[in-house]
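A short write-up of the structure that comes next.
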Amino acid sequence: MTQNTLNTIQEMEIKKAPEESTQEAANQLYTKKQLAYFIERHDLDIAKSWKKAEIVSALTEWMDAAAKELLKADADLQALLAQLTTEDSFDLYSDALSREQQESLRLLIEHGLVYNVDGSAWIPESAKSQATESPSISKEAADSNEAQKTAAPKSQETQTAQQTNAWSRPAQKAPALSTQEKIARNKQARLAYFKKQAKKKKRK
């Protein structure tokens with residue numbers, strides 16, 4: 001485990017699990033120094049001079065919203081959280097953890113999804129329910145996908161219909177010639193005929 005990540009996880013350690021399985025109850029067990037870490041880390045609009053109960057209340061509210069966004073954006077992180085919910089005891093200080101797992105655990109701790117209780121992972125009930133939720137697809141994305149599915153067949157149907165109409169459309173007749181055009185064509189035909197006859201006479 002990288003030293004910086006290990007130090008952060010160690011500094012976030014609490015000595016016992018809270019009596020209630022909630023984020024707020026777990027946050028109450030943090031010292032003011034530990035709570036200050038969250039404020040600085042996430043640049044929260046929370047004053048360190050507030051009473052501890054006020055800091056805990058504001059931090060818990062932020063964690064609730066931020067944790068949902070975090071899991072929605074990272075399926076791998078949600079999978080790791082789901083794995084932790086099935087473990088009886090997960091050693092947060094294990095040397096067997098990969099670098100990615102180390103960083104993921106730090107993120108989970110920093111968002112109130114996992115707590116370091118004496119070196120082991122402890123998970124509040126709200127985080128357990130989020131770990132098993134299916135990744136949600138926004139209504140806009142769902143509507144867009146549906147529109148694409150229905151648009152393709154319609155487009156093909158339109159194209160086929162246009163082709164069918166083009167093939168089934170009767171051939172248009174040439175426009176009728178006017179009387180003057182007919183006379184002009186007849187004159188040209190007669191001239192051509194007389195020229196032919198004149199050439200034949202010369203040959204004789």
remark   = Within region 79-113, restricting to residues that are among the β-branched types (Val, Ile, Thr) and out of contact with any strand residue (DSSP E or B) (no Cβ under 7 Å at 6 or more places or on another chain), the one that is nearest to GLN34 (Cα to Cα) is THR85
task = Output yes when any residue across region 83-92 is out of contact with any Gly (no Cβ under 6 Å at 6 or more places or on another chain), at pLDDT 95 or above, of a type outside the set (A, V, I, L, M) and part of a helix (DSSP H, G or I), and no when none is.
result = no
inquiry  = For region 8-22, check the following and say yes or no: at least one residue is assigned to a helix (DSSP H, G or I) and free of Cβ contacts under 8 Å to residues at least 12 places away in the same chain.
reply    = no
note = Exactly one of ALA75, ALA66, ALA47 is more than 24 Å from ASN4 (Cα to Cα) and modelled with pLDDT of 95 or more, and that one is ALA47
ask   = Regarding ALA96, is this residue outside any helix (DSSP H, G or I), surrounded by fewer than 18 Cβ atoms within 10 Å (Cβ to Cβ) and modelled with pLDDT under 95?
value = yes
ask   = Only one of these conditions is not met by LEU44: (1) more than 17 Å from VAL117 (Cβ to Cβ); (2) under 27 Å from the mean Cα position of the chain (by Cα); (3) part of a helix (DSSP H, G or I). Which number is it?
value = (3)
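The values are calculated or read from the model by the stated rules, or taken from the named source; none is laboratory data. The shown structure was predicted, so the numbers you read here are calculated from the model rather than taken from an experiment. Every residue, glycine among them, receives a Cβ derived from its backbone with ideal geometry; neighbour counts consider all protein chains shown.
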